[in-house]
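Each remark here refers to the structure printed beneath this line.
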């Protein structure tokens, strides 16, 4: 049997009863995290445009809902808007290969509304999506000579599988249809290109919504039916040859049914890039311990030096992504506003003279790590080891070591911490009463007859 057929058969056959309790619990927490950060993003610049885009693309549709806003659109347009909202603050998950939750959760709830799916259906689809997506993405990780910073790294390319597999599972595809879906999704995969990353354009965030929209279309196409498109992952002309120079063939079917990939996923504690989580964890502890404020800081030094995460803009940070991908900016933003908020990335905050000036006094030292080295460390089950050194204007020298970020698979948040994070993100948007209701529904998803009830519970104006 080809690896494509084996993976497709596994995905089609997986049952809710096959999934361990701790895996289902992680799926619930991941869902809660994704919904919370999406609601928090509604008033952000990217979030407002995502909602407008979803409405423009979904005119006349009524089968699914834009989260929080409450507008009824077609399922693909809901995936477009909600997938973008999920990534707008860069606050969702981060797996070994990208941000699958932004695509899987947005697709699952949009198609769940469309199809009348239950909470059990949704949870099964979510776990299945992670199982297949992550293995496909791991198999096609580029080798050391591929050119991460020239050709690019495909986290916004292969993530379309998180959407399409989620949709395919909700549609009840059999193994042959699932095999066709793997091929359809491969053909729909966006081209790898480094420019959307190195320019730090905010189009970066819209890519997750675009992948959700196209993944939904691919899932429905597989259900409607096409002539056979077999073995798309296999052979010399397989999916891998457009993604990598070094296919890791064993990953396509590695540890199926024993290593649950959703359990290997980082849940971000802060709304920022994954390699900036530890500097913010450490700074939050120092702020809590010493009551630090911007005026107290003479300089801050952080190690290691991570590739492409140390840009400083003395005249202000031009784009949202410029802020989200800068360690100096994010640490300064936290010192000015210790609680996480979409306001960190507003136009006024990114050009606030005090925020910008402090960022120029935050420096790197120590080992230089490329992004590829960072991800390979994460894929081995660890993480780069960060050290913060803070010199204050009154002569103190404070040091904080952060071996693992909060939310790492080996340093995971508790159920209570996920709930607190949801209230922090979503409470100011939908109100604490609605936030508590959403938490209760997600924590008991297996009892929910229709996921549409969960989506409606998030509407601001209902």
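Where a number appears in this text, it was derived from the coordinates with a stated rule and is not lab data. In this text, all values refer to a predicted model and were calculated from it rather than measured experimentally. Here Cβ is always computed from backbone atoms with ideal geometry, including for glycine, and neighbour counts include all displayed protein chains.
Side notes on the structure shown:
- Spin-label proximity, residue 343 to segment 74-90 - amide N less than 19 Å from point 7 Å beyond Cα toward beta carbon: 89-90
- Cα long-axis angle, helix 277-290 against the chain (0 to 90 degrees, to the nearest 10): 40 degrees
- Distance cut-off 17 Å, percentage of C-alpha pairs in segment 222-320 lying past it: 76 percent
- With all projection directions averaged, the alpha carbon convex hull of segment 274-402 covers 7.5 nm².
- Using a Förster distance of 60 Å, the FRET efficiency for residue 299-residue 6 (Cβ separation, nearest 0.05): 0.65
- Share antiparallel - DSSP beta bridges, segment 274-402, percent rounded to 5: 70 percent
- Fully extended contour minus Cα-Cα distance, from residue 198 to residue 288, at 0.36 nm per residue: 29.0 nm
- Relative contact order, whole percent, for segment 1-141 stands at 26, derived from Cα pairs under 8 Å and 6 or more residues apart.
- Over segment 1-67, the reciprocal of the mean inverse Cα-Cα separation, the Kirkwood hydrodynamic radius, stands at 15.5 Å.
- Between segment 1-61 and segment 222-267, the Cα center-to-center distance that results, in Å: 18 Å
- Mean separation of Cα contacts under 8 Å, 6 or more apart, over the residue count of the chain: relative contact order %: 22 percent
- Taking the longest Cα principal axis of the chain as reference, the axis of helix 175-188 is set at about 50 degrees.
- Calculated SAXS-style log₁₀ I(q)/I(0) at q = 0.14, 0.21 Å⁻¹ - segment 1-137, Debye, Cα scatterers: -0.65, -1.23
- Amide N of segment 360-389 lying under 13 Å from the label point, which is placed 7 angstrom from the Cα of residue 336 along Cα→Cβ: 360-361
- Three semi-axes describe the equivalent ellipsoid of segment 263-319; taken as square roots of 5 times the Cα gyration tensor eigenvalues and ordered largest first, they are 21, 19, 11 Å.
- Here the residues 287, 430, ranked from fewest to most Cβ neighbours within 10 Å of their Cβ, fall in the order 287, 430.
- Segment 3-267: Cα Rg divided by the 2.2 N^0.38 Å rule of thumb: 0.92
- Applying 0.36 nm per residue to the separation of residue 379 and residue 48 and subtracting their alpha-carbon distance, the gain on full extension is 115.7 nm.
- Gained length - residue 360 relative to residue 15, 0.36 nm times residue gap less alpha-carbon distance: 118.9 nm
- Under the criterion of Cα pairs below 8 Å and six or more residues apart, the relative contact order for segment 150-261 equals 36 percent.
- Here residue 456 and residue 150 are evaluated by their C-beta separation; at R0 = 41 Å the FRET efficiency comes out at 0.30.
- Peptides 264-272, 185-193, 29-37 ordered by packing proxy, namely the average of other Cβ atoms within 10 Å per residue, highest first: 29-37, 264-272, 185-193.
- Computing Rg and the Kirkwood Rh from the Cα coordinates of segment 65-109 gives a ratio, Rg/Rh, of 0.99.
- Fewest-first ranking of 293, 248, using other Cβ atoms within 10 Å as the exposure measure: 293, 248
- Rounded Å value of the spacing that divides the Cα centres of segment 319-359 and segment 366-420: 19 Å
- Taking 1.567 mPa s as the viscosity and 4 °C as the temperature, the Stokes-Einstein diffusion coefficient of segment 113-198 based on its alpha-carbon Kirkwood radius rounds to 92 µm²/s.
- Helical mean residue ellipticity (222 nm; -39500 (n - 2.57) per DSSP H run of 4+; nearest 500) of the chain: -15500 deg cm²/dmol
- Residue order, fewest to most surrounding Cβ atoms within 10 angstrom, among 367, 433: 433, 367
- Compared with the dominant Cα axis of the chain, that is its longest principal axis, helix 45-57 is turned about 20°.
- When the chain is reduced to its Cα atoms, the Kirkwood hydrodynamic radius in Å: 22.1 Å
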